[in-house]
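The values are calculated or read from the model by the stated rules, or taken from the named source; none is laboratory data. Bear in mind the structure is a predicted one, so any value in this text is a computation, not a measurement. Glycine also receives a Cβ, built like all others from the backbone with ideal geometry; neighbour counts cover every protein chain displayed. With ligands, DNA and RNA removed, areas are computed over all heavy atoms of the protein, side chains included. Shrake-Rupley method; radii C 1.70, N 1.55, O 1.52, S 1.80 Å.
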Amino acid sequence: MTKNILRTAIATVIGIVVAFGLIWLAQYAGSEVSPDVYDPNSGEVLIPIGSTIALIVGWFIGTFGGSWFAMRISAGTGAGWIVAGAVIGAALYRAVTLADTWWIMALGVAVPLVAVWLAQQATATAVD
């Protein structure tokens with residue numbers, strides 16, 4: 001019993017690290033393709049749509065990769081759903097602190113949920 005709990009906890013931590021690493025890579029790529037622009041008149045940083053799309057893609061890829069990895073290591077699905085919860089929490093925190101629109105907040109919840117569900121399906125297929 002303790003062995004399974006420890007395995008799941010380690011898998012969860014590894015999955016979260018993988019997920020946030022992949023999200024960081026997607027954000028880095030997005031900022032290289034379309035960098036943020038500082039508007040001296042208003043004092044705001046204008047974030048182009050390319051960076052926002054890269055972030056949303058990063059949420060999907062990061063959640064899928066981290067959840068899939070966690071589910072494979074733990075031999076269960078719980079660790080993957082915890083990874084998705086961590087990504088959702090970070091996405092909502094980012095959306096609230098930057099005062100994003102409602103659709104970014106909605107995508108911050110929906111995209112990781114779809115990704116973890118697909119990761120669960122992929123894990124089940126890989127096990128069979």
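Would you point out which residue out of 84, 90 is small (Gly, Ala, Ser) and in contact with a Pro (Cβ under 8 Å, 6 or more places away or on another chain)? Criteria check complete, one pass: 84. When restricted to residues that are under 15 Å from residue 64 (Cα atoms) and open to solvent by 50 Å² or more (accessible area, probe 1.4 Å), region 74-106 contains 3.
Within region 24-46, residues that are among the charged types (D, E, K, R) reach partners that are open to solvent by 80 Å² or more (accessible area, probe 1.4 Å) and in a loop (DSSP other than H, G, I, E, B) with beta carbons closer than 7 Å, at six or more positions or on different chains, in the pairs 36/47.
Does region 43-65 contain any residue that is in contact with a Phe, Trp or Tyr (Cβ under 8 Å, 6 or more places away or on another chain), of a type in the set (Ser, Thr, Tyr) and open to solvent by less than 50 Å² (accessible area, probe 1.4 Å)? No, every residue in region 43-65 fails to be in contact with a Phe, Trp or Tyr (Cβ under 8 Å, 6 or more places away or on another chain), of a type in the set (Ser, Thr, Tyr) and open to solvent by less than 50 Å² (accessible area, probe 1.4 Å).
Candidates in region 32-59 are the residues that are more than 30 Å from residue 84 (Cα to Cα) and outside any strand (DSSP E or B); of these, the one that is modelled with the lowest pLDDT is 43.
Name the single residue, out of those in region 36-76 being touching a Ser or Thr at 6+ places or on another chain (Cβ under 7 Å) and of a type outside the set (Gly, Ala, Ser), that is farthest from residue 91 (Cα to Cα).
Going residue by residue through region 36-76, those that are touching a Ser or Thr at 6+ places or on another chain (Cβ under 7 Å) are 36, 48, 50-51, 68, 70-72, 74, 76.
If we keep only those that are of a type outside the set (Gly, Ala, Ser) as well, we get 36, 48, 68, 71-72.
On the way: 36: 19, 48: 18, 68: 19, 71: 21, 72: 24 Å.
Among those that are touching a Ser or Thr at 6+ places or on another chain (Cβ under 7 Å) and of a type outside the set (Gly, Ala, Ser), it is 72.
If you go through region 96-114 one residue at a time, do you hit one that is hydrophobic (A, V, I, L, M, F, W, C), touching a helix residue (DSSP H, G or I) at 6+ places or on another chain (Cβ under 9 Å), modelled with pLDDT under 85 and not in a helix (DSSP H, G or I)? Looking through region 96-114, at least one residue is hydrophobic (A, V, I, L, M, F, W, C), touching a helix residue (DSSP H, G or I) at 6+ places or on another chain (Cβ under 9 Å), modelled with pLDDT under 85 and not in a helix (DSSP H, G or I).
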